[in-house]
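What follows is a set of notes on a single structure, which appears directly below.
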Amino acid sequence: MAPRERFNQELALLHKEIVDMGAQVHGVLRKTIKVLRENDAELAGSVVRGDFTVNAMERRIEQLCLRLITRESPIAGDLRTITGTLKIITDLERTADQCADICEIMERDNALPDLHAAQLLPGMLEEACQQYDAALDSFFTKNEQTAQHVCHNDESINKQFTRCIAGVAESIREQPDDVTQAVDCMMIAKYIERIGDHATNIAEWAIYLSSGRHPREIYLQDKQ
């Protein structure tokens with residue numbers, strides 16, 4: 001087999017692996033939304049116990065990327081694809097970790113915290129999941145317009161997070177005995193806010209694949 005043909009086959013394998021990992025994490029997000037909406041402690045436990053699957057996928061993709069870099073010395077677009085993949089698998093794995101953290105709380109408590117602010121959480125996670133899906137799609141299609149849209153929409157989740165924390169603070173003032181539930185609510189909200197941040201990170205690497213420049217690099221150059 002010619003070197004380039006072998007390289008193309010391994011690039012195709014890399015694409016399949018990252019698609020599979022992305023789909024796995026999407027499934028974890030959908031399950032976590034269901035946990036929040038239905039207070040499903042059994043499903044929450046399955047999310048927690050299944051976290052090792054995503055971790056194994058991350059390690060396998062990382063090894064494949066490093067093998068391609070060291071053995072094939074890719075350049076230009078191929079190198080950007082491999083570099084971007086190495087970067088986003090961390091965000092995929094951490095997204096699954098945040099879901100597992102949420103589900104640990106739900107499995108333990110068997111219900112959302114009994115606070116008005118907690119009612120924001122399922123919708124907030126739904127929006128974060130939509131951001132994640134759009135970011136991953138922009139990465140696979142190298143669609144810079146979609147990626148930019150994801151980056152701009154991150155502010156919506158941040159505003160919901162701020163609103164939720166303000167509501168929790170108000171609950172603590174009114175009902176100091178509910179501090180434990182208030183902390184759980186704040187933690188879940190923070191995990192969801194971080195999922196939105198991971199979606200933004202993926203979208204930024206999609207912009208890098210499309211343009212050859214990472215948005216942070218562009219920002220720093222514009223500041224000079």
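The values are calculated or read from the model by the stated rules, or taken from the named source; none is laboratory data. Predicted model, so just to flag it, every value in this text is computed and none were measured. Please note: Cβ atoms are built from the backbone with ideal geometry, for glycine as well, and neighbour counts cover all protein chains shown. Please note that ligands, DNA and RNA were not included when accessible areas were found on the heavy atoms of the full protein model with its side chains. Shrake-Rupley method; radii C 1.70, N 1.55, O 1.52, S 1.80 Å.
In nm, give the distance between the simple-model label positions of GLU62 and ASP109, each being 7 Å from the Cα along the Cα-to-Cβ direction.
Label-label distance for GLU62 and ASP109, simple model: 3.2 nm.
Using helices alone, I'd like the mean residue ellipticity at 222 nm for the chain: each DSSP H run of four-plus residues gives -39500 (n - 2.57), total over residue count, nearest 500.
Helix-only estimate at 222 nm: -31000 deg cm²/dmol.
Taking the solvent-accessible surface of protein heavy atoms with a 1.4 Å probe, what is the per residue accessible area of the stretch 16-145 in Å²?
46
If a paramagnetic tag sat 7 Å from the Cα of ALA12 along the Cα-Cβ line, which residues of the stretch 131-160 would have the backbone N under 12 Å from that point?
Correct set: none at all.
For the pairs LYS31/LYS142; LYS87/LYS142; LYS159/LYS190; LYS87/LYS190, flag any whose C-alpha to C-alpha distance is greater than 18 Å.
In this structure, LYS31/LYS142; LYS87/LYS190 exceed 18 Å between Cα atoms.
Which three lengths, in whole Å and largest first, does the stretch 54-197 cover when its Cα atoms are put on their principal axes?
62, 32, 18
Report the relative contact order of the chain, percent, no decimals, based on alpha-carbon pairs under 8 angstrom and at least 6 residues apart.
Relative contact order comes out at 25 percent.
Would you work out what percent of the accessible area of the chain, with all protein chains in place, is carbon or sulfur (probe 1.4 Å)?
That share works out to 50 percent.
Tally Lys/Arg at +1 and Asp/Glu at -1 over every other residue whose Cβ is under 15 Å from the Cβ of THR146; what's the total?
Cβ neighbours under 15 Å give a net charge of -4.
Output needed for the stretch 138-224: three equivalent-ellipsoid semi-axes, defined as square roots of 5 times the C-alpha gyration tensor eigenvalues, in descending order, whole Å.
Listed largest to smallest, the semi-axes of the stretch 138-224 are 36, 13, 9 Å.
Local charge sum around ARG67 (other residues, Cβ-Cβ under 14 Å, Lys/Arg +1, Asp/Glu -1)?
Net local charge, ARG67 excluded: -1.
Among ILE102, HIS149, LEU112, which residue has its Cα furthest toward the positive end of the charge dipole of the stretch 65-158, with +1 on Lys/Arg Cβ and -1 on Asp/Glu Cβ?
It is HIS149, whose Cα lies furthest towards the positive end.
In the neighborhood of PRO122, defined by Cβ-to-Cβ distances under 14 Å, what is the net charge if each Lys or Arg adds +1 and each Asp or Glu adds -1?
0
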